[in-house]
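Enquirer: Below is one structure. I have some questions about it.
The values are calculated or read from the model by the stated rules, or taken from the named source; none is laboratory data. This one's a predicted model, so the numbers in the text were calculated from it and none came from an experiment. Every residue, glycine among them, receives a Cβ derived from its backbone with ideal geometry; neighbour counts consider all protein chains shown.
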Amino acid sequence: MIDNNTKTPDLELVVIGQEELKRYLNLFAESIRSNIRFNLLIEGAPGTAKTLAVKNMVTKLQKELKSIPFVRVTGSHDAIPSDLIGDIDIKKYKEGISDIINGPLLKAHGNEYPGVIYVDEFNRFSEYTLITFTEIMAEWQVSFPKTPLTKPLKANIIATMNPYDISGITDVPQHILDRFNARIIVNYPAEEVEVEIAKQHINYYYKKAFQSLKPYYIPLISTTRILRKIGVALGPRAYLSTLDLLALEYLLKNTINNEIVIEHYKNSIRAKIANMSEDKQSELISTATITLTEEFKNAKRIK
Ligand SMILES: Nc1ncnc2c1ncn2[C@@H]1O[C@H](COP(=O)(O)OP(=O)(O)OP(=O)(O)O)[C@@H](O)[C@H]1O
Ligand SMILES: [Mg+2]
């Protein structure tokens, strides 16, 4: 999605709805202020504002407490612990000195307050690598495999997992999940919230195009909600990406019509269903076209 300098100054992209998520992130922020160990697992469909909510919380906390170290990592089944915490410095080791070249996670160590480690796609790490996080969660320290060395790492963890993720997924063992204080499930927003999400998106990025995009966001949201009901995992990005394309279309040609909206919606969702079989994709694309055409008619009738 577009994220450039076209955004409206002074406006902040806020999380609408998702009250439970915000409540637990407030508790997380309080754990940092109060120097308490607290780890949160957030699970939910793609594009449901998990990252936005965490980023907003951390930005506020950093302003309030001045310096809160923040490190973000993304799960990959190829990663090994040394990719995260670093490795022994071979040059120094040969000279008889045990020293470590720090990996990215060590930057999250906080002296005064715990730092924040945000782990996206937690379940993509292998079990071997996940143990690194367990040690941080339980003891605020890391151990370097095959050495007697440990280092303090005072940081609290927020991890996210996407239940629709099927490639490279690890079934995270229960003893690792046990370390989290809570597991929050983030659902798709209610219809009226989705309308606000779309409005905020257009106002934030493309204020000038608002009037031209206005007739389209309700049919796009309704269509997305209908497709979800038949089991397609489409988050708000399905219509927000389409609105990005339409805004660009408007900036380029100053005109938008139903055909163009259908074309961009089809291609937006194509990117989100690419892992399905060709047949299933064609079927969904034609369902999307029929539904969106119907929703245009409904919108006209309501007018
Ligand atoms: N409840 C919401 N309030 C405001 N904006 C939202 C909301 N839900 C989705 N959005 C919009 O959708 C975008 C995508 O959200 P974000 O990247 O935070 O999702 P995510 O849950 O982290 O997705 P993923 O699982 O794919 O990482 C946000 O930047 C925002 O523009
Ligand atoms: Mg995210």
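Enquirer: Out of the residues in segment 1-21 that are touching a helix residue (DSSP H, G or I) at 6+ places or on another chain (Cβ under 7 Å) and more than 8 Å from ligand 1 (Cβ to nearest atom), which is modelled with the highest pLDDT?
Expert: Among those that are touching a helix residue (DSSP H, G or I) at 6+ places or on another chain (Cβ under 7 Å) and more than 8 Å from ligand 1 (Cβ to nearest atom), it is Leu21.
Enquirer: Determine, yes or no, whether Asn39 is surrounded by fewer than 18 Cβ atoms within 10 Å (Cβ to Cβ) and not assigned by TED's automatic domain parsing to the domain that holds Ile197. Can you show your working first?
Expert: On the way: surrounded by fewer than 18 Cβ atoms within 10 Å (Cβ to Cβ): no; not assigned by TED's automatic domain parsing to the domain that holds Ile197: yes.
Against the criterion (surrounded by fewer than 18 Cβ atoms within 10 Å (Cβ to Cβ) and not assigned by TED's automatic domain parsing to the domain that holds Ile197), Asn39 does not qualify.
Enquirer: Another question, then. On the given criteria, is Ile176 in the same structural domain as Leu246 (by TED's automatic domain parsing) and assigned to a helix (DSSP H, G or I)?
Expert: Values: in the same structural domain as Leu246 (by TED's automatic domain parsing): no; assigned to a helix (DSSP H, G or I): yes.
No; evaluated as a whole, the condition is false for this residue.
Enquirer: Moving to a separate point now. Can you find a residue in segment 210-221 that is farther than 15 Å from Tyr239 by Cα, assigned to a helix (DSSP H, G or I) and either among the small types (Gly, Ala, Ser) or within 14 Å of ligand 1 (Cβ to nearest atom) (or both)?
Expert: yes
Enquirer: Have a look at Ser282, Ser277 and point out the one that is surrounded by 11 or more Cβ atoms within 10 Å (Cβ to Cβ) and farther than 16 Å from Ile221 by Cβ.
Expert: Values: Ser277 fails: surrounded by 11 or more Cβ atoms within 10 Å (Cβ to Cβ).
When all the criteria are applied, what remains is Ser282.
Enquirer: Something else now. Here are some conditions: (1) touching a residue at least 40 places away in the same chain (Cβ under 8 Å); (2) β-branched (Val, Ile, Thr); (3) touching a strand residue (DSSP E or B) at 6+ places or on another chain (Cβ under 9 Å). Ile80 meets all but one. Which one does it not meet?
Expert: (3)
Enquirer: In addition: Somewhere in segment 74-89, is a residue buried (at least 16 other Cβ atoms within 10 Å of the Cβ), within 16 Å of ligand 1 (Cβ to nearest atom) and in the same structural domain as Thr129 (by TED's automatic domain parsing)?
Expert: yes
Enquirer: Would you check which residues across segment 170-192 are surrounded by fewer than 16 Cβ atoms within 10 Å (Cβ to Cβ) and in contact (Cβ under 8 Å) with a residue 12 or more places away in the chain and list them?
Expert: Step one: filter segment 170-192 for residues surrounded by fewer than 16 Cβ atoms within 10 Å (Cβ to Cβ), giving 171, 173-175, 178, 182-183, 185, 187, 190-192.
Within segment 170-192, Asp171, Pro173, His175, Ala182, Arg183, Ile185, Asn187, Ala190, Glu191 meet the criteria.
Enquirer: Could you count how many residues in segment 52-73 are surrounded by 13 or more Cβ atoms within 10 Å (Cβ to Cβ) and either among the small types (Gly, Ala, Ser) or more than 16 Å from ligand 2 (Cβ to nearest atom) (or both)? Talk me through it step by step, then tell me what you get.
Expert: The initial filter retains those residues of segment 52-73 that are surrounded by 13 or more Cβ atoms within 10 Å (Cβ to Cβ), namely 52-62, 65, 68-73.
Then keep just the ones that are either among the small types (Gly, Ala, Ser) or more than 16 Å from ligand 2 (Cβ to nearest atom) (or both); that gives 53, 60-62, 65, 68-69.
The number of residues fulfilling the criteria is 7.
Enquirer: Follow-up. Among what's in segment 22-62 and is free of Cβ contacts under 8 Å to residues at least 24 places away in the same chain and within 16 Å of ligand 1 (Cβ to nearest atom), pick the residue that is farthest from the chain's Cα centre (by Cα).
Expert: So, considering only residues that are free of Cβ contacts under 8 Å to residues at least 24 places away in the same chain and within 16 Å of ligand 1 (Cβ to nearest atom), the one farthest from the chain's Cα centre (by Cα) is Arg23.
Enquirer: Regarding segment 254-267, can at least one residue be identified that is of a type in the set (S, T, N, Q), assigned to a helix (DSSP H, G or I), under 23 Å from the mean Cα position of the chain (by Cα) and within 13 Å of ligand 1 (Cβ to nearest atom)? Quick ask: steps written out before the conclusion?
Expert: In the first step, residues of segment 254-267 are kept if they are of a type in the set (S, T, N, Q); the result is 254-255, 257-258, 267.
Of the ones still in play, those that are also assigned to a helix (DSSP H, G or I) are 258, 267.
Add one more test, that the residue is under 23 Å from the mean Cα position of the chain (by Cα), and what stays is 267.
Now drop any that are not within 13 Å of ligand 1 (Cβ to nearest atom), which leaves none.
Looking through segment 254-267, none of the residues is of a type in the set (S, T, N, Q), assigned to a helix (DSSP H, G or I), under 23 Å from the mean Cα position of the chain (by Cα) and within 13 Å of ligand 1 (Cβ to nearest atom).
Enquirer: Of the residues Ala198, Ala182, only one is of a type in the set (Gly, Ala, Ser), within 22 Å of the chain's Cα centre (by Cα) and farther than 24 Å from Ala288 by Cβ; which?
Expert: On the way: Ala198 fails: farther than 24 Å from Ala288 by Cβ.
Going through Ala198, Ala182 in turn, just one is of a type in the set (Gly, Ala, Ser), within 22 Å of the chain's Cα centre (by Cα) and farther than 24 Å from Ala288 by Cβ: Ala182.
Enquirer: Okay, moving on. Please find, among Ala238, Ala233, Ala288, the residue that is among the hydrophobic types (A, V, I, L, M, F, W, C), outside the structural domain of Thr51 (by TED's automatic domain parsing) and modelled with pLDDT under 90.
Expert: Just one listed residue meets the conditions, Ala233.
Enquirer: From the residues in segment 123-147 that are β-branched (Val, Ile, Thr) and out of contact with any Phe, Trp or Tyr (no Cβ under 9 Å at 6 or more places or on another chain), which one is farthest from Ile176 (Cα to Cα)? Explain how you work it out, then say what you get.
Expert: Start the filter on segment 123-147 by keeping residues that are β-branched (Val, Ile, Thr), which leaves 129, 131-132, 134, 136, 142, 147.
This time we only want the ones that are out of contact with any Phe, Trp or Tyr (no Cβ under 9 Å at 6 or more places or on another chain), so: 129, 131, 134, 136, 142, 147.
On the way: Thr129: 11, Ile131: 7, Thr134: 6, Ile136: 11, Val142: 15, Thr147: 22 Å.
Per the criteria, the residue is Thr147.
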